[in-house]
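Novice: Pasting in a structure now, in structure tokens, and then I'll have a few things to ask.
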Ligand code: R5P
């Protein structure tokens, strides 16, 4: 790995713990103003000190995040479909150039791949092209194994296939979903894996259990959104997640920390 690329990746995945807590706020790129992310700047501001990296699209970066920040940015560059397109969200292209990624001084770029969808080939070729550009510029590529409504499969067999393909085509790290037997996904993916949080869960303890289990089974961290900023106490939530990811807290200890910080 080239020095620049390695250095950028090391800004995201902390070398001292080997883990990362990424905060995802890119949802508007196809969902518009989702609940609690109507004004991204206000949502992000109190959480930024606790995020090892922020995942977002360029419009929110330019307009809602202060340029004084030291937090590494992971720029979503794929897109093209909205939630109004129905169930087929897979028709994505590369919507933001590598030139703009460099101009924005980001630490990585991210795109979604839709393995098994109608646009599987197109999104895999998007990945291959972005990896070529990333290698040229020294910018790591995060492949997100997206699962639309048409692809209900979130089992280890499907996710292992999608993550392995992402790595085979050159992704430097991969974002996927947690599932039963997650270790099978992690063991067959030769690059670091982070998990998305998914829709807000009923209890905080469920979120902490998922994060703990993902780390124990081989994830290097989380790239979490709704389960943090849709919580009534988002700062307590991200700090408790940090406790799990970086300090080896159990779900129960993380919950105690969350309760203390929420008081
Ligand atoms: C999905 O592709 C988006 O990139 C989100 O960043 C991702 O789903 C993570 O957010 P959440 O934890 O809310 O699922």
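No value in this document is a laboratory result; all are computed from the given coordinates. The shown structure was predicted, so the numbers you read here are calculated from the model rather than taken from an experiment. Backbone-built Cβ (ideal geometry, glycine too); neighbour counts: all protein chains shown.
Novice: Can you sort 168, 42 from fewest to most other Cβ atoms within 10 Å of each residue's own Cβ?
Specialist: Result, fewest neighbours first: 42, 168.
Novice: For 249, 31, 193, what ranking results if the residue with the fewest other Cβ atoms within 10 Å of its Cβ goes first?
Specialist: Ascending number of Cβ neighbours within 10 Å: 31, 249, 193.
Novice: Once you have a ≥ b ≥ c as the square roots of the Cα gyration tensor eigenvalues for the range 59-108, tell me rounded if a/c is under 1.5, and otherwise prolate or oblate according to whether a/b is larger than b/c.
Specialist: prolate
Novice: While we're on this one: Specify whether the C-alpha gyration tensor of the chain places it in the rounded, prolate or oblate class, a ≥ b ≥ c being the square roots of the eigenvalues: rounded for a/c under 1.5, otherwise prolate if a/b is larger than b/c and oblate if not.
Specialist: Judged from the Cα gyration tensor, the chain comes out rounded (a/c under 1.5).
Novice: Run the numbers for residue 120 and residue 180: contour at 0.36 nm per residue of separation, minus the present Cα-Cα distance, in nm.
Specialist: 19.2 nm
Novice: Would you order 252, 92 from fewest to most other beta-carbon atoms within 10 Å of each residue's own beta-carbon? Provide the component values of the computation, followed by the final result.
Specialist: Numbers: 252 12, 92 23.
Going from least to most buried by this count: 252, 92.
Novice: How much FRET efficiency would the formula 1/(1 + (r/R0)^6) give for residue 84 and residue 200, where r is the Cβ-Cβ distance and R0 is 35 Å, rounded to 0.05?
Specialist: Details: r = 22 Å, r/R0 = 0.63.
Computed FRET efficiency for residue 84 and residue 200: 0.95.
Novice: May I ask what percent, to the nearest 5, of DSSP beta bridges between residues of the range 3-232 are antiparallel?
Specialist: Counting only bridges with both partners in the range 3-232, antiparallel ones make up about 10 percent.
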